[in-house]
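Asks: This structure is in structure tokens; I'll ask about it shortly.
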Amino acid sequence: MTRSRSWSSAGPDPVALTSSSQSLGLAFANTTGRTQVYPGTASGQRRFAPLMVGQSLMASFADVLATNSYSSQIDMLNINNGGVYTAQDPLLSAGYDPNREALGLANGNVGIPIANKVIAANYTDRVTLVNVAIGGTSVANWATGPLADRLRIAWNRMKAINLVPSCVMWEQGQADAAGATSGSDYQDRLTAIITNFRALDPALAAVPWLIAQSTFPATDPGKTTIRAAQAAVVNVPNHILAGPDTDTLNGTYRHDGVHWNSSGLNAASDLWVAKLAALF
């Protein structure tokens, strides 16, 4: 599924990342050894471009690097410089754990397994992953905090290559479930994130948002509170859809009790693809 349009070159330069937009976690930005590819969409090409947002389960904290089974068809947008590169873990622009990198350990991401599966299912010809998730972040960080600008930057980078998000994949909640965020505050803040993003451009008004149920390993009362708030944000007529329930994947799918292992990447990507299938 491709959403595209023509753009005017007029307007301010959209590309600068402020230091505050990175202050709550590191996003992978090293392009050494990465292969840059043509950013445009070929005539007749079906292109799926998910914008992936949230905390560590959507960022690159898995203990295995995913294999890109369709390297000529799966790429990623780097919001740091606007380039498009063959997708490879750790994904450019996504949060990761530099301590694991320093030890020679993996920083894998669910994005490539999802992309492999939607191409294998012939849902699309090309996938461009746009992953801006940062580990350990709260919904407030994305609503009005230092990460609020990342969505604007991601949009401007996509707009520069005539690409509109096919959907926004939201997987976040652990920080709030483990903290003291009320259900009403979570719902209001996530609704504001969606509203503010759509207000950036009319092209974003009908872009679907998929809201995952994601709080593990938090316990009650925070777990139930945040899960209910995530469900309450769903509004199908307003193109806000229920994403997967990744809380169903217990500790056997997580290498450290929280983040995906190989089985977790496979299972989580299956859950996401089952929800994404309705968009194609």
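Asks: Compare the peptides 97-104, 225-232, 64-71 by average per-residue count of other Cβ atoms within 10 angstrom and give them in order, highest first.
Replies: Numbers: 97-104: 12.4, 225-232: 20.8, 64-71: 17.6.
Packing proxy ranking, top to bottom: 225-232, 64-71, 97-104.
Asks: With Cα extents along the principal axes in Å defined as stated, name the option among (i) 83, 44, 34; (ii) 50, 40, 38; (iii) 59, 46, 31 computed from the structure displayed.
Replies: Only one option fits the structure, namely (ii).
Asks: Can you tell me, using C-alpha contacts under 8 Å and at least 6 residues apart, the relative contact order of the chain as a whole percent?
Replies: Values: 610 pairs, mean separation 63.1, N = 280.
23 percent.
Asks: Using each residue's phi in segment 108-115, evaluate 6.51 cos²θ - 1.76 cosθ + 1.60 at θ = phi - 60° and report the 3J(HN,Hα) Karplus result to the nearest Hz, with x for Gly and Pro.
Replies: So the J values, rounded to whole Hz, are x, 9, 6, x, 5, x, 4, 4.
Asks: Placing unit charges on C-beta atoms (Lys and Arg positive, Asp and Glu negative, everything else neutral), compute the dipole magnitude of segment 81-160 about its Cα centre in debye, rounded to 20. Display every interim value, and only then the final one.
Replies: Values: 7 positive and 5 negative charges, 52 e Å.
That gives segment 81-160 a dipole magnitude of about 260 debye.
Asks: While we're here: Under the definition of Cα pairs under 8 Å and six or more residues apart, what whole-number percent is the relative contact order of segment 177-280?
Replies: Values: 120 pairs, mean separation 27.6, N = 104.
Worked out over segment 177-280, it gives 27 percent.
Asks: To make sure I understand, if each residue's beta carbon is the centre and we count other beta carbons within 10 Å, what order do 273, 118, 110 fall in, fewest to most? Provide the component values of the computation, followed by the final result.
Replies: On the way: 273 19, 118 23, 110 31.
Ascending Cβ contact count within 10 Å gives the list 273, 118, 110.
Asks: Which of the peptides 238-251, 81-94, 185-198 is most tightly packed, and how do the rest follow, going by the mean number of other Cβ atoms within 10 Å of each residue? Before the final figure, lay out the partial values.
Replies: Values: 238-251: 17.6, 81-94: 22.6, 185-198: 19.1.
Ranking the peptides 238-251, 81-94, 185-198 by packing returns 81-94, 185-198, 238-251.
Asks: Highest mean first, how do 30-39, 259-268 rank when packing is the count of other Cβ atoms within 10 Å averaged over residues? Don't jump to the answer; show the numbers that get you there.
Replies: Numbers: 30-39: 11.8, 259-268: 21.0.
Final packing ranking: 259-268, 30-39.
Quick note: the coordinates plus some simple rules give every number you see, no bench work behind them. Keep in mind that what you see is a predicted model, and the values were worked out from it rather than measured. No Cβ is skipped: glycine too gets one built from the backbone with ideal geometry, and neighbour counts run over all protein chains shown.
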